[in-house]
Amino acid sequence: MKKVLIIVPAYNEERNITSLINEITDYKKNEGGIEIDLLVINDCSSDSTSLHCREEGVKVIDLPCNLGIGGAVQTGYKYAKSNNYDIAVQIDGDGQHDPSYIKVLIEPIILNEADLVIGSRYIEYKGFQSTVLRRMGIRFFTSLILLLGRKKVTDATSGFRACSWELINKFAEIYPKDYPEPESIMSCLRGGFRVKEVPVIMRERKEGVSSINIHRSIYYMFKVSLAIIIDWLRKDSLKQGA
């Protein structure tokens, strides 16, 4: 039986986390043949995110300082590696990712068709399509990854993804820190890992406000683009078997 760990990085998501936990719990009840566990990485929230998780009986790792999305997610991968999980699934804590698509994400890994599976809203163009500014950034990263990695990835900033046991081990050791999604894709492609996208429907954030504003977006574009190019120039990257 495959062991699957759902990793939920969360920062000040007290208004979203309980409903997400309930959705994941409902999914687990209806999914047979797979052992599914849930882990919330509380990225030093200043609200009651951790308390709400514990009230729901969910395993929580409380980080002593704010590490950002990359550090929070890598904490989850380290836990997955230490506890011998076969597959790790990343779901954002803001409610935009629908847990009913978990099966769609993990199936290509179970069938040995992919090492990294990304949930993309830009295959069927259904549901929430994000802001205009973010869509422009996604198109740019799609072009950059296609140019350097020779792979078309339509939703490079999607944090709704699943990875295999081998990638769990790699990500536990090496994972980008800030805005890691596009950079980690490039690392996988450079390392010879199989990357696949599957269509999903995403939702608009239920509560709260995204931390990425126009100024952060400019910084995001510059930093991630530079990181992707540097990764492309590296010789080691995330080589399989390294």
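Report yes if residue 125 is surrounded by 14 or more Cβ atoms within 10 Å (Cβ to Cβ) and aromatic (Phe, Trp, Tyr), otherwise no.
no
Keeping to the range 196-208, report how many residues are surrounded by fewer than 22 Cβ atoms within 10 Å (Cβ to Cβ) and either closer than 25 Å to residue 230 by Cβ or not aliphatic (A, V, I, L, M) (or both).
Of the residues in that region, 8 qualify.
Within the group 91, 106, 61, 102, which residue is touching a Leu at 6+ places or on another chain (Cβ under 9 Å) and either closer than 29 Å to residue 154 by Cβ or at pLDDT below 95 (or both)?
91
Inside the range 54-102, can you point out the residues that are within 21 Å of residue 35 (Cα to Cα), in contact (Cβ under 8 Å) with a residue 24 or more places away in the chain and of a type in the set (D, E, K, R)?
56, 78, 81, 86, 92, 98
Please verify whether the range 209-229 includes one or more residues that are among the aliphatic types (A, V, I, L, M), modelled with pLDDT of 95 or more and buried (at least 17 other Cβ atoms within 10 Å of the Cβ).
No, there is no match, as no residue in the range 209-229 is among the aliphatic types (A, V, I, L, M), modelled with pLDDT of 95 or more and buried (at least 17 other Cβ atoms within 10 Å of the Cβ).
What residue, of 141, 171, is closer than 20 Å to residue 38 by Cα, in contact (Cβ under 8 Å) with a residue 12 or more places away in the chain and assigned to a helix (DSSP H, G or I)?
Of 141, 171, the one residue that is closer than 20 Å to residue 38 by Cα, in contact (Cβ under 8 Å) with a residue 12 or more places away in the chain and assigned to a helix (DSSP H, G or I) is 171.
With the condition kept exactly as written, say whether any residue in the range 129-140 is within 13 Å of the chain's Cα centre (by Cα) and farther than 17 Å from residue 191 by Cα.
No, every residue in the range 129-140 fails to be within 13 Å of the chain's Cα centre (by Cα) and farther than 17 Å from residue 191 by Cα.
For the range 71-91, give me the residue count where each residue is closer than 15 Å to residue 41 by Cα and crowded, with 19+ Cβ neighbours inside 10 Å.
Of the residues in the range 71-91, 13 are closer than 15 Å to residue 41 by Cα and crowded, with 19+ Cβ neighbours inside 10 Å.
Could you give me the residue pairs with C-beta distances under 8 Å whose first residue belongs to the range 22-42 and is in contact (Cβ under 8 Å) with a residue 24 or more places away in the chain, whose second residue is of a type in the set (Phe, Trp, Tyr) and assigned to a helix (DSSP H, G or I) wherever it lies, and which are 6+ apart or on separate chains?
Cβ pairs passing all conditions: 36/27; 39/79.
Would you confirm whether any residue within the range 15-25 is part of a helix (DSSP H, G or I), of a type in the set (Asp, Glu) and within 23 Å of residue 205 (Cα to Cα)?
Yes, some residue in the range 15-25 is part of a helix (DSSP H, G or I), of a type in the set (Asp, Glu) and within 23 Å of residue 205 (Cα to Cα).
How about the range 6-47: which of its residues are charged (D, E, K, R) and either in contact with a His (Cβ under 6 Å, 6 or more places away or on another chain) or surrounded by 19 or more Cβ atoms within 10 Å (Cβ to Cβ) (or both)?
Hits for the range 6-47 are 13, 14, 43.
Only one of 17, 21, 41, 34 is modelled with pLDDT under 95 and among the aliphatic types (A, V, I, L, M); which?
None of the others qualify; the one that does is 34.
Can you name the condition, by its number, that residue 166 falls short on among (1) closer than 24 Å to residue 231 by Cβ; (2) surrounded by fewer than 17 Cβ atoms within 10 Å (Cβ to Cβ); (3) over 18 Å from the mean Cα position of the chain (by Cα)?
Checking residue 166 against (1) closer than 24 Å to residue 231 by Cβ; (2) surrounded by fewer than 17 Cβ atoms within 10 Å (Cβ to Cβ); (3) over 18 Å from the mean Cα position of the chain (by Cα), the one that fails is (3).
Output the residues belonging to the range 186-200 that are at pLDDT below 95 and either at positive phi or β-branched (Val, Ile, Thr) (or both).
The one that is at pLDDT below 95 and either at positive phi or β-branched (Val, Ile, Thr) (or both): 192.
The values are calculated or read from the model by the stated rules, or taken from the named source; none is laboratory data. Computed from a predicted model, the values in this text were never measured in an experiment. Glycine also receives a Cβ, built like all others from the backbone with ideal geometry; neighbour counts cover every protein chain displayed.
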